[in-house]
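Presented below is the structure to which this report refers.
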Amino acid sequence: MSIDKTTIINWALTDIGAGPMFSVDDDSDLAMQIANTWGRTVDHVFGMHDWTFLCVTARLRRLADPLDNGWKYAYDLPSPRLSNPLAYRCGPRRSDHVIRDFTLEQDKFCCMEPQAWAVYKTYKDPDYWDPAFRSAFVVALAGYLAIPVWQDDNLQNEKLQQAFGTPSQQGTGGMIGRLMAQDKASRPVGEESLLSEDPLTSVRPTGATRHVPWHGSW
């Protein structure tokens with residue numbers, strides 16, 4: 001069975017006792033509020049963390065003529081995307097040199113490198129979401145729907161705490177917080193980490209190879 005926006009919304013509505021009442025063909029005021037709540041929840045939850053299942057690495061298309069701003073090359077930024085790219089590199093691998101000297105203008109990426117790749121987040125349909133993320137998102141959406149559907153502050157607080165943790169945890173607790181920690185821990189570490197390109201940790205003795213971090217090399 002395909003899992004789409006309507007399915008997720010109706011799961012969330014069922015979670016707060018309203019039942020599967022949403023349809024994309026419904027033009028009522030409540031249906032519009034529910035659809036708007038969906039959009040705001042997607043923006044919030046997707047923006048909280050650089051979810052790996054949303055990340056894409058793609059080569060940027062270089063413009064034939066650079067912008068008149070002093071940079072040698074200009075590239076189109078990837079589209080569609082959820083935000084500005086997370087990183088720019090000279091190649092597609094995590095171990096490739098990170099481009100740090102650049103500017104963004106007119107939705108273009110400008111730098112001095114003849115080739116560029118970007119790592120960015122893009123929207124994916126619920127069918128492609130990680131199952132654990134999908135489950136946590138339903139709880140978060142249920143919390144945000146408690147007000148337009150039932151005008152119930154207590155129900156909203158209960159669901160949002162289940163999804164995000166207590167207010168003091170500032171979104172790092174609950175189901176979403178645990179998933180963020182797991183997602184972060186699942187990423188590659190070591191030489192291919194972006195940390196190896198950090199100017200504070202990439203200092204190395206004369207003669208060392210480019211991608212070997214200095215710490216532990218003495």
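The values are calculated or read from the model by the stated rules, or taken from the named source; none is laboratory data. What you see is a predicted model, and the numbers here were worked out from it, not measured in a lab. FYI the Cβ positions are ideal-geometry reconstructions off the backbone, even for glycines, and counts take in every protein chain you see.
Looking at the range 90-111, is at least one residue under 30 Å from Thr6 (Cβ atoms) and either at pLDDT 95 or above or assigned by TED's automatic domain parsing to the domain that holds Gln162 (or both)? Break it down into steps so the answer makes sense when it comes.
Of all residues in the range 90-111, those under 30 Å from Thr6 (Cβ atoms) come to none.
For the range 90-111, residues under 30 Å from Thr6 (Cβ atoms) and either at pLDDT 95 or above or assigned by TED's automatic domain parsing to the domain that holds Gln162 (or both): absent.
Just to be sure, is Asp43 modelled with pLDDT of 95 or more, under 18 Å from Gln162 (Cβ atoms) and not polar (S, T, N, Q)?
No, not satisfied.
I'd like to check something: does the range 68-78 contain any residue that is acidic (Asp, Glu) and touching a residue at least 12 places away in the same chain (Cβ under 8 Å)? Even if it seems obvious, please write down each step before you answer.
Taking the range 68-78 as the starting set, the residues that turn out to be acidic (Asp, Glu) are 68, 76.
The next check asks that each one be touching a residue at least 12 places away in the same chain (Cβ under 8 Å); those that pass are 76.
Yes; the residues of the range 68-78 include at least one that is acidic (Asp, Glu) and touching a residue at least 12 places away in the same chain (Cβ under 8 Å).
Here are some residues: Gln115, Gln162. Which one is without any contact (Cβ under 8 Å) to a residue 60 or more places away in the chain and buried (at least 17 other Cβ atoms within 10 Å of the Cβ)? Talk me through it step by step, then tell me what you get.
Values: Gln115 fails: buried (at least 17 other Cβ atoms within 10 Å of the Cβ).
Unique residue meeting the criteria: Gln162.
Considering each of Leu30, Leu13 in turn, give the residue that is surrounded by 15 or more Cβ atoms within 10 Å (Cβ to Cβ) and over 19 Å from the mean Cα position of the chain (by Cα). Walk me through how you get there before you give the answer.
Numbers: Leu30 fails: surrounded by 15 or more Cβ atoms within 10 Å (Cβ to Cβ).
Result of the check over Leu30, Leu13: Leu13.
Could you say which residue among Arg134, Arg94 is part of a helix (DSSP H, G or I) and either surrounded by fewer than 18 Cβ atoms within 10 Å (Cβ to Cβ) or of a type outside the set (Ser, Thr, Tyr) (or both)? First the steps, then the outcome.
On the way: Arg94 fails: part of a helix (DSSP H, G or I).
Being part of a helix (DSSP H, G or I) and either surrounded by fewer than 18 Cβ atoms within 10 Å (Cβ to Cβ) or of a type outside the set (Ser, Thr, Tyr) (or both) holds for just one of Arg134, Arg94, which is Arg134.
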Unmet criterion (only one of (1) surrounded by 11 or more Cβ atoms within 10 Å (Cβ to Cβ); (2) among the small types (Gly, Ala, Ser); (3) more than 14 Å from Tyr120 (Cβ to Cβ)) for Ser83:
(3)
